[in-house]
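Read through the structure below, which is laid out as structure tokens, and then see the notes.
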Amino acid sequence: MSFLNNPEIWVAIAFVMFIGILVYVGVFRKLAKALDDRAARIQAELDEARMLREEAAKVLAEYQRKRQEAEVEAQEIVAGAKAEAERMAVEAKAKIEEFVARRTKMAETKIAQAEAQAAADVRAAAAEAAVTAAETILTAETKGALAGQLIAKGIEDVRKKLN
């Protein structure tokens, strides 16, 4: 029994007893269960992360598709606006040309009317001057009742011819 006096033996016996108590209490099963639970939790988190990544990829693809559609629509709107602006510019140019032509025609008409009025005024003034000159000449050269009739008839004839 000399081996009972050896302290290493007692440490080994105590260690074996300690392991036995741990097995009896079920510490290894609890430890294995805790590790399995942790592994299951990590696996669930990985699955959830994978699902979220796939969902994010779908959302990203959807937004990229919508962005492309929006870009195409924006290009169509810009093209439509440019076409509308060009059409409006052509229309405005045509209206301006029409307005200028109409104003030019009105101005030409007014000028022609003013020329006609001026010519008529000149003719009337010339006729009036001729009547006055004829009246003065006839009054100075003719005398008596016959002279008055001739003067009146001559003045009337001159007025008719000049107007």
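Brief remarks follow.
- Charging the Cβ of each Asp and Glu at -1 and of each Lys and Arg at +1, and nothing else, the dipole of the chain about its Cα centre rounds to 220 debye.
- Take every pair of alpha-carbon atoms less than 8 Å apart whose residues are at least six positions apart; their mean separation over the length of the chain yields a relative contact order of 14 percent.
- Counting only the Cα atoms, the stretch 2-162 fills a convex hull of 233 Å³ per residue.
- Label point distance in nm, Ala70-Ile13, each placed 7 Å from Cα along Cα→Cβ: 8.2
- Cα long-axis angle, helix 145-162 against the chain (0 to 90 degrees, to the nearest 10): 30
- Table column - 3J(HN,Hα) (Hz), the stretch 106-112, Karplus curve with 6.51, -1.76, 1.60, x for Gly and Pro: 4, 5, 5, 5, 5, 5, 4
- Rg/Rh for the stretch 1-51, where both radii come from Cα atoms and Rh is the Kirkwood radius: 1.44
- Angle in degrees between helix 7-25 and the longest Cα principal axis of the chain, rounded to the nearest 10: 60
No value in this document is a laboratory result; all are computed from the given coordinates. Every value quoted in this text rests on a predicted model; they were computed, and no experiment measured them. Cβ atoms come from the backbone with ideal geometry, glycine included; neighbour counts cover every protein chain shown.
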